[in-house]
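The values are calculated or read from the model by the stated rules, or taken from the named source; none is laboratory data. Bear in mind that the values here come from a model prediction, so they are computed numbers and not experimental data. Methodologically, a virtual Cβ is constructed for each residue, glycine included, from the backbone with ideal geometry; neighbour enumeration extends over all protein chains shown. Calculation scope for accessible area: heavy atoms of the full protein, side chains included, ligands and nucleic acids excluded. Shrake-Rupley method; radii C 1.70, N 1.55, O 1.52, S 1.80 Å.
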Amino acid sequence: MIVAIDGPAGSGKSTTAHAIAKRCNLKFLDTGAMYRSVTYKCLADGIDVNDEEAVSKVAEAARIDFGRSAEGQTVLIDGQEVTHQIRTPEVDRNVSVVAAYPRVRHAMVERQRELGYTGDVVAEGRDIGTVVFPNAEVKVFLTADAAARAHRRAVQREGGDAGQDASAKADAAEEQQILRDLVRRDKLDSSRKESPLKPAADAHLIDNSGLAPDEVVQKIVDLMDEARSKSQAPVPAEPEAPAAAKAQEAAPAKKPAPKGATGEKNKPGKMRAFAGNTFDDYYDHGMREFPLPARALYAVAAAIVTFVTKVLWPWKIEDARKLWDDDRGRVVVMNHTSMLDPVIVICSLYYHGKRVRAIAKSEFYTNTFVSWVFSRAGTIPIKRGTADLKAVRRAQAALKRGEVVLIFPEGTRIKSDDQPVTIHGGFSLMAQMAKAPVQPMAIVGARDITPRGTHWKRFGRVFCKAGDCIEFSDLGVKGRKQQAQRMEEVAMERVYALRDELRQEHPNKK
Ligand code: DC
């Protein structure tokens with residue numbers, strides 16, 4: 001379950017979120033600590049926090065992690081522990097400026113979603129319910145009057161806890177200074193353009209000025225129970241279930257997937273045209289949900305690319321109907337010889353009503369223009385050589401929507417038979433998590449377009465062949481790990497068998 005707690009500085013979010021994490025065994029995500037860490041790093045490295053470009057670069061390059069020590073949760077930036085350094089008055093004064101920069105926010109939100117995807121979490125901040133996890137099951141907006149918040153912070157600075165001890169006193173001058181800082185920070189946080197502090201439309205407002213911490217925690221735990229029972233209530237049948245869903249009706253009822261496990265739960269809200277959609281929005285939404293201009297551009301580009309490539313390299317897919325014979329999502333795996341390979345699959349499936357998410361190495365996305373084009377084209381970036389859970393979850397969500405995930409497990413274009421090949425096996429995990437089949441496919445002829453060692457393009461026919469979908473249940477092995485491994489072997493064996501068949505049918509093609 002994802003619990004989102006937002007609210008102004010000093011409203012008791014941290015104490016509350018901490019207590020809930022402990023009581024309900026959830027991961028605690030302190031997003032303010034992340035903005036503070038970036039601020040601290042800038043100050044420590046002598047970077048002017050008003051230099052938006054320099055600060056944004058720090059945020060984009062930084063790796064923020066949370067750890068544990070005997071005292072509780074620790075925060076690390078680029079491996080350096082900064083748990084205490086990020087709570088100084090200097091960081092307090094500068095953090096709102098840093099947190100207002102769009103690129104900083106984008107980098108932080110991305111990391112927060114990554115941390116949230118991995119499990120049950122209670123996250124606190126300013127934009128959790130509105131931006132980071134808009135589909136959180138429980139959203140709370142905590143408030144308290146400014147004087148009460150300043151008093152709590154002042155007592156906290158002197159080592160006390162005003163929540164537990166209502167009579168705790170703090171230095172009056174210090175408290176006044178904190179009050180001025182809080183009011184200034186609230187104003188900056190609520191008036192900034194990017195993700196301002198405001199309650200989500202479906203958030204529960206809790207004013208804790210007169211409540212003890214335990215009472216606030218109990219209110220939220222009650223909301224969690226309520227959300228849990230709602231989500232377990234039977235869902236009324238859709239009037240017109242799609243064919244795939246109908247097919248699944250015959251299967252025995254399954255336990256609901258753990259919340260937050262599919263990525264679906266945290267799917268951001270509806271995409272709107274010209275609404276500042278981020279690249280992530282394109283990776284996380286179904287392609288049919290892309291805004292109209294993006295879909296129109298896609299249609300035009302598909303028509304042009306299909307026409308041009310068909311003229312220059314007349315291509316054909318044998319047994320193509322196997323690719324669109326049912327509505328289920330599937331992972332298509334293929335040998336990789338040229339940039340024409342994904343184009344053929346994407347375009348031919350487009351005209352048969354299927355949307356393809358090609359998985360592309362993240363190195364492609366270092367250029368903003370390429371990222372712009374690739375995101376609109378429906379590709380999903382993957383960090384190779386790592387367990388890129390985010391890419392796996394995105395692919396899983398796409399498969400569940402009935403989209404086709406296209407992967408070239410060879411990872412790079414193979415230009416000759418003597419080139420060493422390493423198979424990247426993540427595809428079977430994606431299919432397994434989405435309970436989708438893997439479909440082998442092969443291509444010959446495209447390798448001859450740009451022969452090794454040249455840049456010249458040659459014309460010529462290109463042939464592809466689609467194989468039958470391979471189901472995990474047909475592999476004849478038990479155990480998830482063993483099945484995933486076997487799927488990798490079987491699928492790639494079939495890809496190469498199809499390629500050999502094509503080579504026999506077209507002896508001059510490689
Ligand atoms: O909660 P905190 O005081 O540690 O937050 C520090 C600053 O970070 C605060 O000025 C607002 C900003 N912040 C934000 O803009 N968005 C978040 N999700 C969390 C914090």
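Would it be correct to say that A99 is closer than 24 Å to K193 by Cβ, more than 10 Å from the ligand (Cβ to nearest atom) and among the small types (G, A, S)? When the stated conditions are applied, A99 does not pass them. Looking only at residues of the range 20-38 that are part of a helix (DSSP H, G or I), open to solvent by less than 50 Å² (accessible area, probe 1.4 Å) and modelled with pLDDT under 95, we find that the one that is farthest from the ligand (Cβ to nearest atom) is C24. On inspection, D214 passes the criterion of being open to solvent by 30 Å² or more (accessible area, probe 1.4 Å) and either more than 15 Å from the ligand (Cβ to nearest atom) or in a helix (DSSP H, G or I) (or both). Restricting to the range 156-184, give me the number of residues that are outside any loop (DSSP other than H, G, I, E, B) and out of contact with any Gly (no Cβ under 9 Å at 6 or more places or on another chain). Counting residues in the range 156-184 that are outside any loop (DSSP other than H, G, I, E, B) and out of contact with any Gly (no Cβ under 9 Å at 6 or more places or on another chain) gives 12. Test F364 against the stated conditions and say whether it is free of Cβ contacts under 8 Å to residues at least 12 places away in the same chain, open to solvent by 70 Å² or more (accessible area, probe 1.4 Å) and either assigned to a helix (DSSP H, G or I) or not hydrophobic (A, V, I, L, M, F, W, C) (or both). Taking the combined requirement at face value, the residue does not satisfy it. Just wondering, is there one or more residues in the range 69-80 that are at pLDDT 95 or above, in a loop (DSSP other than H, G, I, E, B) and not hydroxyl-bearing (S, T, Y)? No, there is no match, as no residue in the range 69-80 is at pLDDT 95 or above, in a loop (DSSP other than H, G, I, E, B) and not hydroxyl-bearing (S, T, Y).
Among what's in the range 39-67 and is of a type outside the set (A, V, I, L, M, F, W, C) and in a strand (DSSP E or B), pick the residue that is surrounded by the most Cβ atoms within 10 Å (Cβ to Cβ).
Ranking the qualifying residues of the range 39-67, first place goes to D65.
Here V109, V122 are screened, and the one residue that is more than 11 Å from the ligand (Cβ to nearest atom) and either of a type in the set (S, T, N, Q) or modelled with pLDDT of 90 or more (or both) is V122. If you check V140 against the conditions, is it within 15 Å of the ligand (Cβ to nearest atom), modelled with pLDDT of 85 or more and part of a strand (DSSP E or B)? The answer is yes for V140. Residues of the range 351-361 include at least one that is open to solvent by 20 Å² or more (accessible area, probe 1.4 Å), of a type in the set (V, I, T) and either touching a residue at least 40 places away in the same chain (Cβ under 8 Å) or farther than 21 Å from I470 by Cβ (or both). Note on the range 304-333: residues that are closer than 18 Å to K465 by Cα and in a helix (DSSP H, G or I) amount to 7.
Summed over the range 320-337, residues that are closer than 21 Å to R447 by Cβ and either open to solvent by 10 Å² or more (accessible area, probe 1.4 Å) or without any contact (Cβ under 8 Å) to a residue 60 or more places away in the chain (or both) total 2.
Where the second residue is within 11 Å of the ligand (Cβ to nearest atom) and among the polar types (S, T, N, Q) and the first is over 17 Å from V75 (Cα atoms) and free of Cβ contacts under 8 Å to residues at least 60 places away in the same chain and lies in the range 94-117, which pairs have Cβ atoms under 8 Å and are six or more apart or on separate chains? Short answer, once both residue conditions are applied: N94/T39. As for the range 373-390, it holds at least one residue that is at pLDDT below 90, assigned to a loop (DSSP other than H, G, I, E, B) and in contact with a Gly (Cβ under 7 Å, 6 or more places away or on another chain).
Here is a yes/no grid of residues against (1) surrounded by fewer than 15 Cβ atoms within 10 Å (Cβ to Cβ); (2) among the hydroxyl-bearing types (S, T, Y); (3) not in a helix (DSSP H, G or I):
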{"position": "V405", "(1), (2), (3)": "no, no, yes"}
{"position": "K415", "(1), (2), (3)": "no, no, yes"}
{"position": "L429", "(1), (2), (3)": "no, no, no"}
{"position": "A436", "(1), (2), (3)": "no, no, yes"}
{"position": "T450", "(1), (2), (3)": "no, yes, yes"}
{"position": "W456", "(1), (2), (3)": "yes, no, yes"}
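Against the condition more than 24 Å from K193 (Cβ to Cβ) and more than 16 Å from the ligand (Cβ to nearest atom), how does E90 come out, does it pass? Taking the combined requirement at face value, the residue does not satisfy it.
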